[in-house]
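Structure, as structure tokens:
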């Protein structure tokens, strides 16, 4: 009985977070991490969402800890998924153009169908500091938008930023 009560308390303490999943990392220098609801609520991309919406995002995404210098994703690896910077920093690189970004900048996300439709020259995002990123499958992003999660302004700002790479 004492063990089951302790288990219930541990479960209550973990509510609002997703356990690091046993999925191989998407690239070198990345490892599974845990998403905490109270921290996700502070990330500009997700600010203003209800606890229920945040939990839905957590349940339908993966979080990765990324070492400085590690490639998060590129035109040739991971661009079919949507990546967003939760904490730390990354830079968007295309040829000689390098643009640093934080989690409040328009370049705080990368990849996905709309990004791919821009047909940009080879581009990649590389962590500039120890960072945390969220990986969301395109279908899950579509569902978030269908559910009315307030992401549209962030997506539009990012697309406007990435369109400058096409010039």
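The values are calculated or read from the model by the stated rules, or taken from the named source; none is laboratory data. Worth saying up front: this structure is predicted, and the values here are computed from it rather than measured. Neighbour counts run over all protein chains shown; Cβ positions are idealised from the backbone, glycine included.
Assorted remarks:
Yes/no per residue for (1) exposed (fewer than 15 other Cβ atoms within 10 Å of the Cβ); (2) within 15 Å of the chain's Cα centre (by Cα); (3) closer than 19 Å to residue 30 by Cα; (4) at pLDDT below 95:
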{"residue": "83", "(1), (2), (3), (4)": "no, yes, yes, no"}
{"residue": "89", "(1), (2), (3), (4)": "no, yes, yes, no"}
{"residue": "93", "(1), (2), (3), (4)": "no, no, yes, no"}
{"residue": "112", "(1), (2), (3), (4)": "no, yes, no, no"}
{"residue": "127", "(1), (2), (3), (4)": "no, yes, yes, no"}
{"residue": "132", "(1), (2), (3), (4)": "no, yes, yes, no"}
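- Residues that are within 25 Å of residue 116 (Cβ to Cβ) and touching a strand residue (DSSP E or B) at 6+ places or on another chain (Cβ under 6 Å) within region 59-76 comprise 61, 62, 63, 64, 66, 70, 71, 72, 73, 74, listed in sequence order.
- Tally, over region 155-167, of residues that are touching a residue at least 24 places away in the same chain (Cβ under 8 Å), out of contact with any strand residue (DSSP E or B) (no Cβ under 7 Å at 6 or more places or on another chain) and within 24 Å of residue 87 (Cβ to Cβ): 6
- Flag for residue 25 being more than 22 Å from residue 143 (Cα to Cα), at pLDDT below 95 and surrounded by fewer than 19 Cβ atoms within 10 Å (Cβ to Cβ): yes
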